[in-house]
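In what follows, a structure is listed as structure tokens, so that the remarks can point back to it.
The values are calculated or read from the model by the stated rules, or taken from the named source; none is laboratory data. Treat the numbers as computed from the prediction; the structure is a model and nothing was measured. With ideal geometry, Cβ positions are generated from the backbone for all residues, glycine too; neighbour counts draw on all protein chains shown. Side chains included, ligands, DNA and RNA excluded: accessible areas come from the protein's heavy atoms. Shrake-Rupley method; radii C 1.70, N 1.55, O 1.52, S 1.80 Å.
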Amino acid sequence: MTAAITVFHNPDCGTSRNVLQFIRDAGHEPEVIDYLQVGWTRPQLQGLLADLGLTARDLLRVAKTPAEEMGLTDPAVSDDALIAAMVAHPVLVNRPIVVTPAGTLLARPSETVLPLLARL
């Protein structure tokens, strides 16, 4: 299969590893981006949010991150400020994010990637 798939991946995350395995089991070899190493850009996150139909708050990872101690869980914090924090601290972005020609998905839980793969 030749569908271009990109996975924004954290190799230490079980959900992310499961999604990667589901993609490979479906016959695809995705581009894997270790976003903790590479980081994010503001335009990249804004584009992913638009494709996902989510707000920055929807994509904010709170568990096992400094989000709370940074004050980012306060509802008064703007999406713009959240995106700036995500660029500065890539761990604040929830994962894995899967980008395919059939759509973009925050694949939590990991099984949510299966219907997307079926459309490729």
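Listing for the model above:
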| item | result |
| --- | --- |
| Extension gain (nm, one decimal) between Ala76 and Gln46, 0.36 nm per residue minus Cα-Cα | 8.9 nm |
| Relative contact order computed over the chain (Cα-Cα under 8 Å; 6+ residues apart), in percent | 34 percent |
| Loop trypsin sites (Lys or Arg not before Pro), region 1-94, which have at most 12 other Cβ atoms in a 10 Å radius of their Cβ (DSSP) | Lys64 |
| In Å², nearest 10: area of Asp25 left accessible to a 1.4 Å probe | 110 Å² |
| Candidate values (i) 24; (ii) 14; (iii) 18, label of the one derived for percent of Cα pairs over 26 Å apart | (iii) |
| Helix-only [θ]222 nm of the chain, DSSP H runs n ≥ 4, -39500 (n - 2.57) each, per residue, nearest 500 | -10500 deg cm²/dmol |
| Of the DSSP H helices in the chain, those whose Cα atoms cover at least 27 Å axially and whose Kyte score averages 1.0 or more | none |
